[in-house]
Structure formats: structure tokens, C-alpha cells
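In what follows, a structure is listed as C-alpha cells, so that the remarks can point back to it.
The values are calculated or read from the model by the stated rules, or taken from the named source; none is laboratory data. Keep in mind it's a predicted model, so treat the numbers as computed, not measured. Glycine also receives a Cβ, built like all others from the backbone with ideal geometry; neighbour counts cover every protein chain displayed.
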Amino acid sequence: MKQCLLAVIWMMVGIAPVWAHGVHYDFESEKTVCLRVSYSDGEPMSYAKAKIFSPADAEIEHQNGRTDKNGRFAFVPDIEGAWRIDVEDGMGHAVKAEIRIEDTGDHVKETSPPAAGGASAVNAMAGLSGIFFLFGLFFWWKGLRRSPVKSDLI
């Protein structure tokens, strides 16, 4: 009985290191790219889905996640080249951009011009065109319902 108890204790002591494992973290502040995504009025795209694609693989995401409440999303590029960024808020607003990253040794440098948000004039014209089209369609339909005009010339 004593031998059996000693064997069980010996097994428990031998297994004890397997039961627990530690977790730690490191703080790295260099070579990080931080994006801030916002609407045309300056309001941040809070908690929008973000996907980052590496120049090495345009099909599989290098990283994905969500922007924070201020519309920021950070990633660490591991190679130079053109990185593709897709951010969508789930309500039809999206940013699709490509930025070129160069490694300068101690930090990364973004060499692409920032994406312009100048599409608002185009969107306004498209909206006005849609409104005019709907009014035209309405008045055309209204004209079909009218009785034909009688003329004395016939």
C-alpha cells in the first residue's frame, strides 16, 4: 500500500510541470504602420472590419481585425512592397487602398500618396441624376394615364 501511494505521489510530482504554463508579452514599438480610417465628414469608422494583404500573397490575409473606436488599425509589415488594405463598416462604406512600404532600417516608411476622398462630387452628381430620373419616370407614367387630347383638325 505504501509503495502504491509513493508511486501516485511520484507521478503527481512528475506531471506537475505539465499542468501549468506561463504567458508573457513583449512591447515592440518600431516598424508599425497605423492607419486611421474616417468618413468624408471626419467621423472615424469605428469598429469597421479591416483586412491587410501582403505583397507576397494577395489572396490570404496577412492580418484581419477591427478598427478601434477612433478608426485606427495597426499592423507590422514583414516585407517591402505594395500592401492592400480593405476596410468595410458593414453599412456599404468601404476603403480599398494600396500603400507602398519601404524598410529604412529602424522604421518603415509609407511612400504612397494618401487616398483621396474626392469622390463626393461624383456621388452628389450620381444622386442628383437618380432623383431627376425618378421624377422623369413619374411624369412619363402620369402622362400615359391621361386621356388623349381631342383635336378639331381631324
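Points to keep in mind about this one:
- Members of region 41-82 found to be in contact with a Ser or Thr (Cβ under 8 Å, 6 or more places away or on another chain) and over 15 Å from ALA97 (Cβ atoms), listed by number: PRO44, SER46, TYR47, ASP68, LYS69, ASN70, ALA74, VAL76, ASP78, ILE79
- Residue within region 58-65 that is β-branched (Val, Ile, Thr), modelled with pLDDT of 90 or more and in contact with an Asp or Glu (Cβ under 8 Å, 6 or more places away or on another chain) present: no
- Yes/no for GLU98 being modelled with pLDDT under 90 and assigned to a strand (DSSP E or B): no
- If you check SER46, SER54 for being over 12 Å from the mean Cα position of the chain (by Cα) and hydroxyl-bearing (Ser, Thr, Tyr), only one passes: SER54.
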